[in-house]
Structures are given as C-alpha cells and as structure tokens.
Amino acid sequence: MPTNVAIVGVTGYAGGELARLLLRHPGVRVVAAVARSHQGEPLRSVQPHLHDAPESLVIGTGVGDAEVVFTALPAGETAKLAPAWLGDGRRIIDIGSDFRLKDPAAYPKWYGYVHPAPDLLAASVYGLTEYARARLPDAKIVANPGCYPTAALLALGPAATHELIEPDVIVDAKSGVSGAGHVVDDAYLYGTVDESVRAYGVPRHRHTPEIAQELAALGGVRPRLTFAPHLVPMTRGLIATCYAPLRDGVTAEQVSEAYATRYADEPFVRVTASFPPTKATLGSNWCLVHVVVDEENRRLIAVGVLDNLVKGAAGQAVQNFNLLCGLPETQGLEAMPLWP
C-alpha cells in the first residue's frame with residue numbers, strides 16, 4: 001500500500017525535483033504540497049515541468065495525513081516544525097541543513113542561528129545512504145546530506161574507512177547554479193555567470209563542518225579540511241576533486257582494491273576507469289567516482305561527480321525513503337542519465 005507523503009517547500013528547485021520523482025514512485029501517494037507562495041494554485045501550474053501532476057494537488061499550508069514529510073526549506077525552518085510532526089507520529093526526511101550537524105554549538109557559528117530543537121540532533125540519522133543503510137529503517141529524522149558533502153564523502157569514503165590517507169584534506173568543488181536554489185540575485189543572473197567561474201564561501205562555506213564531521217565518522221579522526229566551492233555556468237551538475245596525503249606504505253593497488261570492493265554492489269555509485277564528466281549523471285541518482293594516486297607526491301586524488309538536484313538532494317532523499325519504508329532501494333530512481 002502506498003505511503004502518504006507531503007513535500008514542504010515544493011516550489012523550489014529541490015522541492016520540484018522531489019515532486020518529479022515522488023509523483024512517479026509506485027510506493028508513494030503525494031497528499032500535500034506545501035509552500036509559502038502560490039497558495040491555492042495547482043502544483044502543475046507553478047512547477048512548469050510537472051505537467052502530469054493531478055489538478056487536485058493544490059499548494060497549501062498543511063501536511064494532511066502524510067506519514068512521511070519531506071522538507072526543502074531554508075536553514076532553521078524545518079527544526080521549528082519537526083517536534084509537532086514527530087509528536088503526530090510522522091517521520092521526516094530533511095533535504096535542508098537543520099539536522100546534519102550533531103553539535104548544537106555549530107549552528108550559531110556556521111549558520112548564524114541557535115538551533116530551535118537541539119535535543120533532536122542526536123537522534124537524527126545522517127542520510128549518506130551508502131554509509132547509513134543499517135540505521136535508516138528505524139530513523140525518525142533523516143538528515144539528507146548536502147550536495148557537496150555527498151560527492152566529497154563518496155569520493156573519499158573508502159580511503160577514510162580503510163585509513164589510507166592522513167587527516168589533512170582539500171576538497172575543490174564546482175557546482176551548477178541550480179545549487180543556489182530560487183535566488184534572484186545579480187550573482188546568479190545569466191549575464192553574470194555565463195562564461196565565468198568563481199570561488200565563493202572560502203573558508204567558511206556551511207558544508208565545511210558537515211564534510212569534516214562525516215569524514216571523522218568514517219575514519220575515526222577529524223581531519224584538517226579546506227573546502228573551496230566554485231560556481232560554474234551550467235544548470236545542473238557537481239564535481240568534487242579531493243586531495244589527501246597517503247599514509248606511509250599505502251600503495252596504488254591498495255587504493256584501487258579498497259574502492260572496487262567498497263562500491264562493487266552499490267546500486268548508485270560506480271568507480272570509473274577515467275575521469276567522469278558531470279553530464280554523465282544528468283537527471284539521475286548516480287554518483288561516479290574516479291581515484292588516482294600521485295606516486296611522486298604521495299597523494300590521493302579522488303573525484304566524485306553527480307547531479308546536484310538528484311543524488312545531491314531529491315534522489316538521495318527518495319533512496320533514503322525507500323529504506324525507511326522497507327521498499328527496494330532503487331524504486332522510483334531507475335532512470336538512466338540524459339546524454340548529451
């Protein structure tokens with residue numbers, strides 16, 4: 001029997017991507033589409049790609065009889081609403097950032113607000129699916145990872161868990177402009193971003209503590225981390241190129257074996273034989289990983305590419321939902337990437 005779900009924040013890019021995936025999911029019934037704007041309008045009229053959404057699915061304010069609530073809201077907003085939903089017996093999958101960091105003190109430092117529900121942080125499950133699978137079925141709150149952390153952690157995960165690298169990491173990442181969401185700002189206008197690439201948020205991008213926290217969870221040691229994101233002139237797509245010194249005695253063969261073994265049976269992660277283009281993941285829930293060893297400088301270079309709105313947001317949320325509800329992990333996510 002389908003699970004009733006609500007999408008809160010449905011008018012944004014991530015919310016619209018959630019709707020695209022969930023409306024076609026055989027194990028889902030979308031019972032509520034929630035947003036602050038466009039009240040009373042059919043979702044299909046607001047999100048121009050959702051032509052086949054039912055006319056009856058109208059944007060409102062309540063989650064109805066949803067059993068699972070997907071949220072794609074600005075920082076701090078889901079945490080205000082979560083206690084009431086949990087009290088009603090609902091489960092939450094948050095695409096936003098409200099439950100990613102475990103330390104309440106990190107929120108004023110990195111996000112500029114005091115967390116409204118700090119008691120819920122310890123109970124949330126960080127939903128990097130490939131490394132959280134065993135904890136997801138019992139989760140009440142799933143903290144969906146950010147797009148940059150997803151690519152970086154999947155690229156570095158096997159090296160961290162096998163203790164192949166020193167805890168000194170640089171992540172150089174680049175994302176399309178949809179990662180900024182529905183932002184009307186000169187920095188994201190066509191005339192500004194076209195034929196231009198720029199770094200931003202260095203060294204205090206909000207994904208920095210998230211990557212560091214989860215690398216520590218994987219490898220047992222909190223790394224010294226430099227994270228440098230860049231905005232590139234494309235709509236979708238993200239690449240994270242990660243650098244870390246190899247531990248003494250680690251060989252290229254050990255690295256290759258660690259990655260091949262760890263991801264051999266993963267439905268949405270592939271280790272590629274060459275550097276993958278971001279476009280090879282377009283519209284899909286795939287993350288492609290390529291790793292090389294710079295023998296002369298004793299350094300690992302690991303690359304992860306994905307679609308920032310799918311595996312980096314809505315697709316991973318659906319993957320987590322499937323495990324939460326005891327469904328096949330790939331259900332609703334079988335689409336292959338678009339090319340060209």
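The values are calculated or read from the model by the stated rules, or taken from the named source; none is laboratory data. Please read these numbers as outputs of a predicted model, since none were measured by experiment. Methodologically, a virtual Cβ is constructed for each residue, glycine included, from the backbone with ideal geometry; neighbour enumeration extends over all protein chains shown. Heavy atoms of the whole protein, side chains included, go into the accessibility calculation; ligands, DNA and RNA do not. Shrake-Rupley method; radii C 1.70, N 1.55, O 1.52, S 1.80 Å.
Please verify whether the stretch 279-286 includes one or more residues that are closer than 30 Å to Thr192 by Cα, in contact with a Lys or Arg (Cβ under 9 Å, 6 or more places away or on another chain), among the hydrophobic types (A, V, I, L, M, F, W, C) and not in a strand (DSSP E or B). Scanning the stretch 279-286, I find at least one residue that is closer than 30 Å to Thr192 by Cα, in contact with a Lys or Arg (Cβ under 9 Å, 6 or more places away or on another chain), among the hydrophobic types (A, V, I, L, M, F, W, C) and not in a strand (DSSP E or B), so the answer is yes.
For the stretch 10-26, filtering for residues that are open to solvent by less than 10 Å² (accessible area, probe 1.4 Å) and either over 18 Å from Val318 (Cα atoms) or out of contact with any Phe, Trp or Tyr (no Cβ under 6 Å at 6 or more places or on another chain) (or both) leaves 7. When Glu253 is tested against (1) in a loop (DSSP other than H, G, I, E, B); (2) at pLDDT 95 or above; (3) surrounded by fewer than 17 Cβ atoms within 10 Å (Cβ to Cβ), just one condition goes unmet, and that condition is (1).
In this structure, is Val293 open to solvent by 10 Å² or more (accessible area, probe 1.4 Å) and either out of contact with any Cys (no Cβ under 7 Å at 6 or more places or on another chain) or assigned to a loop (DSSP other than H, G, I, E, B) (or both)? Judged against the criteria, Val293 is a match. Can you confirm whether the stretch 134-142 contains a residue that is in contact (Cβ under 8 Å) with a residue 24 or more places away in the chain, under 15 Å from the mean Cα position of the chain (by Cα) and under 20 Å from Pro267 (Cβ atoms)? Yes. The condition (being out of contact with any Ser or Thr (no Cβ under 8 Å at 6 or more places or on another chain), open to solvent by less than 30 Å² (accessible area, probe 1.4 Å) and without any contact (Cβ under 8 Å) to a residue 40 or more places away in the chain) is satisfied by just one residue among Pro328, Pro276: Pro276. In summary, Ala66 fulfils each of the numbered conditions (1) out of contact with any strand residue (DSSP E or B) (no Cβ under 7 Å at 6 or more places or on another chain); (2) assigned to a loop (DSSP other than H, G, I, E, B) with the single exception of condition (1).
Is it the case, given these coordinates, that Ile211 is touching a helix residue (DSSP H, G or I) at 6+ places or on another chain (Cβ under 6 Å) and outside any loop (DSSP other than H, G, I, E, B)? Judged against the criteria, Ile211 is a match.
Scanning the stretch 297-323 for residues that are open to solvent by less than 10 Å² (accessible area, probe 1.4 Å) and either modelled with pLDDT under 95 or assigned to a loop (DSSP other than H, G, I, E, B) (or both) turns up Asp307, Asn308. Here Gly96 clears all of (1) within 16 Å of the chain's Cα centre (by Cα); (2) buried (at least 23 other Cβ atoms within 10 Å of the Cβ) except the condition numbered (2). Of the residues making up the stretch 51-79, those that are open to solvent by 10 Å² or more (accessible area, probe 1.4 Å), over 21 Å from the mean Cα position of the chain (by Cα) and on the phi < 0 side of the Ramachandran plot number 13.
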